Amino acid sequence: MLSPFREILVERRDRRAAAGAFTCYDMTTAVGVLRAAEARGVPVILLVSEASFRAEAGPALVDGLRAVGERASVPVAVQLDHVDDLELVRLAASVGVGAVMADGSRLPFEDNVAFVGGARAAVGLTVGVEIELGHIEGGEDVAAAVSAGALTDPDEAERLVAATAPDCLAVSIGNVHGTYAEPPKLDWERLELIRERTLDLPLSLHGASGLPDADVRRAVELGVCKVNVNTELRARYLAELERHLPAVRRGHDVLSLQDALVAGLADTVAGKLELFETGGA
């Protein structure tokens, strides 16, 4: 069933758990995600990357994700992830996403406020808005995030939330998108301060694919109620393709290949969902 973005996050937070947010580049991935979520009976968020949405079939992908979400037995939200273009935000709202990640984190503070305000005006009150303060780097570059001073400032977080009234805040505490070239050292004191400054606002952790399980558990225990996963899904997808292609190629057995992909992806997602319920009641 399709459910409001904010409701999913609040329900998870109240259970001292986190919603898994999984990037879906195709319907096969979405089916694997939902198989695992339904088996565990927990809500999930289906993410659409900005690049996917910009592609020719981007709006159709949203249509497909909404369709499988409607048929699911657990709460599901479809979210456009990391978008810094208001026109794309408007288009996403028009095709039915349940939330957008309005990413103004590369902008000066006041410009970030203005961008988030424009995103909220573009989507209205029925579409969730997630924001980011302190840019989350990619490409294994933990050091770049720290040295550039791109970690989330708790005082600025309080000001940004007060000015924009978002539904979720993505924090930068030493986490990065992708994999990690060296073990990350997350700033737990900073996370606690952000939580205190932003009161009951749901917090999200991006770049969780490469984090040790213990770090993810601790983040959830400290109030993170949305955790994004992308890289590990892509890695499992490609590993399953490599493993099963030789056998299915002989008979052009695409259905068997899809079944194998779904099963493998569901296995990866199941492990993440168990991890995200580490503090659950």
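Treating r as the C-beta distance of MET1 and GLU242 and R0 as 30 Å, the FRET efficiency rounds to 0.30.
Computed over the chain with a Gaussian network model linking Cα atoms closer than 10 Å, the most mobile of ALA92, ALA19, ALA260 is ALA260.
For region 73-80, 3J(HN,Hα) computed residue by residue from phi via the Karplus equation (6.51, -1.76, 1.60; θ = phi - 60°) reads 8, 10, x, 9, 10, 10, 10, 7 Hz, glycine and proline entered as x.
Per residue, the chain reaches -16000 deg cm²/dmol at 222 nm when only DSSP H runs of four or more residues are counted, each adding -39500 (n - 2.57). Phi-derived couplings, Karplus 6.51 cos²θ - 1.76 cosθ + 1.60 at θ = phi - 60°, listed residue by residue for region 157-172: 4, 4, 5, 5, 5, 5, 7, 10, 6, x, 9, 6, 10, 7, 9, 10 Hz, with x used for Gly and Pro.
Roughly how many whole Å is it from the C-alpha centroid of region 1-57 to that of region 205-243? So the separation of the two Cα centres works out to 13 Å.
The phi-based Karplus calculation (6.51 cos²θ - 1.76 cosθ + 1.60; θ = phi - 60°) puts the 3J(HN,Hα) values of region 47-64 at 8, 10, 6, 4, 4, 5, 6, 6, 5, 3, 9, x, x, 5, 4, 4, 4, x Hz, whole numbers, x for Gly and Pro.
Between PRO154, PRO202, PRO246, the GNM of the chain built on Cα springs shorter than 10 angstrom shows PRO246 fluctuating the most. List the residues, sorted by chain then number, that are 5 or more residues from VAL78 or on another chain and whose placed amide H is less than 5 Å from its amide H. Under 5 Å from the amide H of VAL78: LEU46, GLY98, ALA99. Of ALA67, ALA208, ALA37, the residue with the greatest mean-square motion in the GNM of the chain, using alpha carbon springs below 10 Å, is ALA67.
We did not get these values from a lab; they are worked out from the coordinates using the rules stated. None of these values were measured; they are calculated from a predicted model. When we count neighbours, we look across all protein chains shown, and the Cβ atoms used for this are built from the backbone with ideal geometry, even at glycine.
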